[in-house]
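Step one of this worksheet: look at the structure below.
The values are calculated or read from the model by the stated rules, or taken from the named source; none is laboratory data. Keep in mind that what you see is a predicted model, and the values were worked out from it rather than measured. Reconstructed Cβ throughout: ideal geometry from the backbone, glycine too, with neighbour counts over all protein chains shown.
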Amino acid sequence: MTPLDRHTSASPIGPLVLFGRGDQLTYLHLPDGKEPPPAGIEHATPILRRTAKQLAEYFAGARTAFDLELAPEGTAFQQLVWIALRAIPYGATVSYGHIAQAIGRPAASRAVGAANGRNPLAIIVPCHRVIGTSGALTGYGGGLPAKQFLLEHERAHGPQLAMFGA
């Protein structure tokens with residue numbers, strides 16, 4: 001298999017390490033990520049430069065959705081959850097139960113939470129928009145301060161939404 005290319009991009013939550021293979025983005029490592037980033041060769045390929053540019057636009061409040069070729073690795077269930085995450089509007093939050101309903105597995109809230117936690121493309125596949133049913137912030141691979149920052153950033157730059165599909 002072709003080795004991953006990597007590129008580091010500055011952000012308000014710290015350096016984001018982007019990984020890609022060919023013209024697809026495969027992984028985004030958050031500064032306070034629980035696991036170390038995968039190995040890769042420092043090489044700012046077109047997909048990684050495009051990702052860094054779109055992330056800079058997002059953090060500047062000028063972008064609400066990403067237009068990138070994504071290739072996250074995961075199980076069929078995880079892929080289904082990650083597709084559902086991409087449907088959450090910018091600035092909105094939903095519960096794990098909402099995602100479970102959306103994918104046709106209403107009893108799978110915990111499995112949705114586990115898939116959410118394994119999301120390899122945080123921010124771009126917006127797992128930070130998933131919160132507890134009570135409205136409480138729950139775990140985030142980059143730490144709760146980063147999740148809080150991302151939610152506040154989107155609320156400040158996006159439409160005033162409460163819980164989407166609650």
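Return a yes/no flag: does the stretch 48-59 have any residue that is of a type in the set (Lys, Arg), assigned by TED's automatic domain parsing to the domain that holds Asp23 and without any contact (Cβ under 8 Å) to a residue 24 or more places away in the chain. First the steps, then the outcome.
Quick first cut of the stretch 48-59, residues of a type in the set (Lys, Arg) only: 49-50, 53.
From what's left, assigned by TED's automatic domain parsing to the domain that holds Asp23: 49-50, 53.
From the residues that got through so far, the ones that are without any contact (Cβ under 8 Å) to a residue 24 or more places away in the chain too are 50, 53.
Within the stretch 48-59, one or more residues are of a type in the set (Lys, Arg), assigned by TED's automatic domain parsing to the domain that holds Asp23 and without any contact (Cβ under 8 Å) to a residue 24 or more places away in the chain.
Of the residues that make up the stretch 63-71, is at least one more than 25 Å from Ser9 (Cβ to Cβ) and without any contact (Cβ under 8 Å) to a residue 12 or more places away in the chain? The answer is no, given that none of the residues of the stretch 63-71 is more than 25 Å from Ser9 (Cβ to Cβ) and without any contact (Cβ under 8 Å) to a residue 12 or more places away in the chain. Name the residues in the stretch 100-149 that are without any contact (Cβ under 8 Å) to a residue 40 or more places away in the chain and among the charged types (D, E, K, R), would you? Of everything in the stretch 100-149, those that are without any contact (Cβ under 8 Å) to a residue 40 or more places away in the chain and among the charged types (D, E, K, R) turn out to be Arg105, Arg110, Lys147. For the stretch 53-65, state whether one or more residues are outside any helix (DSSP H, G or I), at pLDDT 95 or above, under 15 Å from Tyr27 (Cα atoms) and not basic (Lys, Arg). No, the stretch 53-65 contains no residue that is outside any helix (DSSP H, G or I), at pLDDT 95 or above, under 15 Å from Tyr27 (Cα atoms) and not basic (Lys, Arg).
Yes/no matrix, rows are residues, columns are (1) under 13 Å from the mean Cα position of the chain (by Cα); (2) assigned by TED's automatic domain parsing to the domain that holds Arg21; (3) over 17 Å from Gly33 (Cβ atoms):
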{"site": "Asp67", "(1), (2), (3)": "no, no, yes"}
{"site": "Asn116", "(1), (2), (3)": "yes, no, no"}
{"site": "Gly132", "(1), (2), (3)": "no, no, yes"}
{"site": "Ala136", "(1), (2), (3)": "no, no, yes"}
{"site": "Leu151", "(1), (2), (3)": "yes, no, yes"}
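Here's the yes/no breakdown for (1) at pLDDT below 95; (2) in a loop (DSSP other than H, G, I, E, B); (3) closer than 27 Å to Gly135 by Cα; (4) not acidic (Asp, Glu):
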{"site": "Val17", "(1), (2), (3), (4)": "no, no, no, yes"}
{"site": "Leu25", "(1), (2), (3), (4)": "no, no, no, yes"}
{"site": "Asp32", "(1), (2), (3), (4)": "yes, yes, yes, no"}
{"site": "Glu35", "(1), (2), (3), (4)": "yes, yes, yes, no"}
{"site": "Ile47", "(1), (2), (3), (4)": "no, no, no, yes"}
{"site": "Leu68", "(1), (2), (3), (4)": "no, yes, no, yes"}
{"site": "Ile99", "(1), (2), (3), (4)": "no, no, yes, yes"}
{"site": "Ala122", "(1), (2), (3), (4)": "no, yes, yes, yes"}
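The test for being crowded, with 16+ Cβ neighbours inside 10 Å and either under 30 Å from Gly22 (Cα atoms) or outside the structural domain of Leu25 (by TED's automatic domain parsing) (or both) does not hold for Ile83. If you go through the stretch 4-37 and pick out every residue that is in contact with a Phe, Trp or Tyr (Cβ under 6 Å, 6 or more places away or on another chain) and closer than 19 Å to Gly74 by Cβ, you end up with 4.
Evaluating Val94 against the criteria (1) touching a residue at least 40 places away in the same chain (Cβ under 8 Å); (2) in contact with a helix residue (DSSP H, G or I) (Cβ under 8 Å, 6 or more places away or on another chain); (3) in a loop (DSSP other than H, G, I, E, B) leaves one unmet condition, (3).
Of everything in the stretch 2-33 that is out of contact with any Gly (no Cβ under 7 Å at 6 or more places or on another chain) and among the hydrophobic types (A, V, I, L, M, F, W, C), the residue that is nearest to Ala122 (Cα to Cα) is Leu28.
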